[in-house]
Every structure is written in C-alpha cells, then in structure tokens.
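Taking it in order: structure first as structure tokens, then the write-up.
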Amino acid sequence: MKRTIKILLILLTTVSFFSCKKFLDVQPEDKVSESQLYSTKNGIRSVLNGIYLDLAANQLYGDNLTLSTIEILGQRYNISTEHNQYKTATYAYKDKPTVDRMEDIWSAAYSTILNINVFLENLDKYKGVVDQSTENMYRGEAIAMRAFLHFDLLRLYGPRYSTVDSTKQSLPYYRNAKTEVNPLLPANDFMDNVMADLNLAETLLQNDPIITTGVNIAQPEDLVDFLSNNRNYRFNYYAIKGLKARVYLYRGDKANALTTAKEVIAISGKFPWTTSANALVEKQNPDRVFSSEMLFGVMNSQLYNRYLNWFDPSLSDRQILAPTPSRLATVYENNENDYRYNLNWQMPSNGSKPYKTFLKYADVVDKTRTFRFSIPLLKISEIYYIAAECEPNAADGITLLNIVRANRGLLPLATTVNISTELQKEYQKDLFGEGQLFYYYKRRNVTSVANGSSTSGNVTINYNVPLPDSESIYRQ
C-alpha cells in the first residue's frame, strides 16, 4: 500500500436513487470534522454506508471485480487483437491498460481497508454514541468487509493456494489505521488472518436481525435507508457464513466448507430462488440478477453507465464485451429453457449485432424496483455448489446441483455424471458477470480453458498476477 495514502473522512456524493430524495446531504470535505461525523448515530451510520459505497466503486465490485477485468481474465468474452482490452485477455499484466486496471484494484481495495480500520478505531474513540448492540453489528460488518477484501486480493494477486503454495510469500494484511507498510505474509498465515476476522465478525453478529426476520425487501425512501435496512446489501450473519464456506473451500478444507455451507442451506428459504415468472414471463422489469438469492451484494448507482460502457449493442466490436456465439451456446448447452440463458442473452432487436449481447445489468422500465443497481457478490446457488463439491459421495453432490438446476428451469442430471465437469459448467452459467469464474479456475488449477476470443481451441491462463509497481517500489 502506498505510503502516500491519506486517511480521509468518507464522504458520500449526492445522487438520486429510486424516485425520491437525494440519499445524503453532506458538508464539503473541508467543513466536516471527524468529531462531527462520529458524534451522532446518523454520522456513524453514514461513514459505514460510505464504506459500502466504496465497495461498489468501479475500481472494485462496481466493475473491475465483477463486470469486466476479472471476467476478461476468465476468458468470458471475445477479445480480438483490435479490442481495447486485448492486453488483459492475453495476460499482459505489465502493459497498458491492464497494468493500470490492476493498480486501480489494488489501491482501491487497500484504501477501503484503511478506511475500515479508521472506522473501527473511531468506534472505540467515540464509544457510547451508538448503543452496544448497534456497535457490535457495525463492527462485525466492517470486520467482515475487511476479510472479504483481503481474501479477494489474495485470490487475485496471491499464489495458488495448495500444499506447496500455501507457504509462499503473498500479501500484507492490515488490521490498523497506520500507514506503515506491513510485511508480506505466507499465504497460510494470511488466510489465518482472514478466518480470524470472519470468526470475530460472526460472533459480533450473533444478534443480526436477519436471523429472526429475514431479508427486508421493503421499498426504501432513499439509498441510506436501503443500505441500512436491507440485510442482503450488508455483511449479514449468513453472508459471513457463506464467505467462510468459500474461504474454507479455497484452503482445501472441504469438511469445514461442507459443514458451513449446509448451515446456510438449512436457512436458504431466507434467500428464495427466482421464479419462472420473473425469468421467463416478465419482459419489462425482470430481476436479471436474481437479487432475492443474494446473501450479499452491492449497489452501484453508476451501474447503467457501466452497462453502456461494456455491453450496449451499439458499441463497436473493439469495445463491447460479448462472447462468440458458439462459445455462448456451448456454455448454456444451447438450452433456451435455462433461465440464465433465456433472460440475460438476446440478439439486439434493431439488428445492430449479429450475436447475442449481455443484458444482466441492463436497466428496467420501472425505476422504483429495489433490485436496480444491484450486483451480486455471493448467492445461495454458490453455496449449493460449494456443498456439492465437498460432499464425500459424488451422488449426493449431484443431488445438490439438481436443486439449483430445478430452480433454473433445467431437468435433473443423472447421479452418475462427472460432478467436476458439471460443477464447472454451473460456475460458467450461473455466475456470469459476477467475477467468480477466474477464481474457480485458479483454485482448481484449470490451466487450459476455452479461448474466449476464438470459436475453437484453448488458452493457458496465467495466474501469476504481479504485485503493482506502487507496492513493489515501496518494498525495495
């Protein structure tokens, strides 16, 4: 992390959300003091909401780590030699624009981690402004976000996590607001820190309202109310459980991954599957991201600008992110009954493209829909995939996959099929535009994958993402 990073108060820009008020009135930065922010309940809440909005920034989960960069690395799209993201698709990590995008991810993630640590220290400094129950919840959410960011940094920039690689030097872990450069930790020690933070966060959120009341999907008056009251847009108790299952699996601890995943599956009714009516019948206002299934997601008020930037059919072939038709058909096995294929991929009606384009993050007609601007970061379907992969009996794993398939409009698989093959297909189908496929390939050491930029042949993925120059320079 750069020594020059400054600890700034988190201030939110004024935007419009849904059909109502601007979500937060703030004073200019030079007129807002730390004591003013932390002296009131609303001030503390606004700081935490600001951190959630940091997660949703384009440098992180509003674009790079969901829609574009990380998916390009996973060979999702047809990136020709003329495309402006060709260097990223070919793993030219030291060339522009890739080097800049990888720097943006690193800097934004560690800056957000710094802001989280400032927030946590100020909860101690301004003790008593919020009641203990609220403090525990805020503290638990912030610590979970810290673990979440560190873990994704390891998945992207760190070594493959295996028996050998787990002892390799990886990344720094930051638990305080000081700007000194922390040492690079062995990957196993780094993961110990991730799990310690998640365990602490889980303890702090033992009384999370989601445990007794579920997910609140009521129409919000503004974005602050939405972020505060809709628990699947916060790091809630079950999101922490789901993230722990993801972390356990990445470490190769299948026993604990299975146990934790099944704890979430046991309450999966709190995150109900999308309906066929939404996926197949609704034409004007479909919930294409299946927001009811989210254990955790972010809200990016600039999402439709990002859609226009990457996926709009009017874009030229050197700008648009879209798969080759044959690759896309292969992923979804050319099955129009699959909700994910039917809903999210369409040929432009105006004839602007001779292939299907990605609609998952396109806008809807009704601007009051609560799922607008939503990007899923952890869904109930992935929890089923984790459990399926960890089941000692492969047939039991297929049974779990069939639950997801049934809720995607598909027929069940025979319990004798190869579960590894079917799991990879599901990660390719279900998590398109959500940033998980590259990490799946890396964890499974899938070195050769279908070349996204060709109708045939494979490409070798380069998982050796270097630390950004800004980090390396300060370690010389």
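Some observations on this one:
- Pairs with C-alpha atoms separated by more than 23 Å, drawn from the list LYS262/LYS379; LYS168/LYS241; LYS379/LYS429, are LYS168/LYS241.
- Listed residues VAL129, VAL364 arranged by accessible area, highest first, probe 1.4 Å: VAL129, VAL364
- Total charge dipole magnitude, segment 84-192, about the Cα centre, Cβ charges on Lys, Arg, Asp, Glu only, Debye to nearest 20: 260
- Partners for LYS353 among aspartates and glutamates (Cα-Cα distance below 12 Å; same-chain residues under 8 apart left out): ASP312, ASP317
- Other residues lying with their Cβ under 9 Å from the Cβ of GLY433 contribute a combined charge of 0, Lys and Arg counting +1, Asp and Glu -1.
- Alpha carbon centroid spacing (whole Å) that separates segment 151-167 from segment 50-82: 20
- Net charge contributed by nearby residues that have their C-beta within less than 12 Å of ARG306 (K/R +1, D/E -1): -2
- Low-density loop positions, trypsin sites (Lys or Arg not before Pro), segment 237-319 - DSSP coil, at most 16 other Cβ in 10 Å: LYS283, ARG318
- Restraint check, LYS360/LYS425; LYS270/LYS442; LYS283/LYS425, Cα-Cα greater than 22 Å: LYS270/LYS442; LYS283/LYS425
- Averaged over its residues, the chain has an accessible area of 39 Å² per residue, based on protein heavy atoms and a 1.4 Å probe.
- Cross-link reach list, aspartates and glutamates versus LYS127, counting only Cα pairs under 19 Å and skipping chain neighbours closer than eight places: GLU34, GLU135, GLU141
- Cα-centre dipole for the chain with unit charges at Cβ (Lys and Arg positive, Asp and Glu negative), debye to 20: 380
- Positive end of the dipole of the chain (Cβ unit charges, origin at the Cα centre): among ASN418, LEU114, PHE271, the Cα lying farthest that way belongs to ASN418.
- With a cut-off of 12 Å between beta carbons, the residues surrounding ILE419 carry a summed charge of -4, where Lys and Arg count +1 and Asp and Glu -1.
- Counting only protein heavy atoms and a probe of 1.4 Å, the accessible surface of segment 385-427 is 56% carbon and sulfur.
- Cα-based shape type of the chain, given that a ≥ b ≥ c are square roots of the gyration tensor eigenvalues and the cut on a/c is 1.5: rounded
- Segment 267-336 and segment 340-379 have Cα centres lying 5 Å from one another.
- Taking Cα centre as origin and charging only the Cβ of basic (Lys, Arg, +1) and acidic (Asp, Glu, -1) residues, the dipole magnitude of segment 272-403 rounds to 620 debye.
- Unit charges at the beta carbon, dipole of the chain: most positive-side option, ALA245, TYR440, MET145: TYR440
The values are calculated or read from the model by the stated rules, or taken from the named source; none is laboratory data. Quick caveat: nothing in here was measured; it's all calculated off a predicted structure. Here Cβ is always computed from backbone atoms with ideal geometry, including for glycine, and neighbour counts include all displayed protein chains. These accessible areas exclude ligands, DNA and RNA; they are computed on the full protein's heavy atoms, side chains included. Shrake-Rupley method; radii C 1.70, N 1.55, O 1.52, S 1.80 Å.
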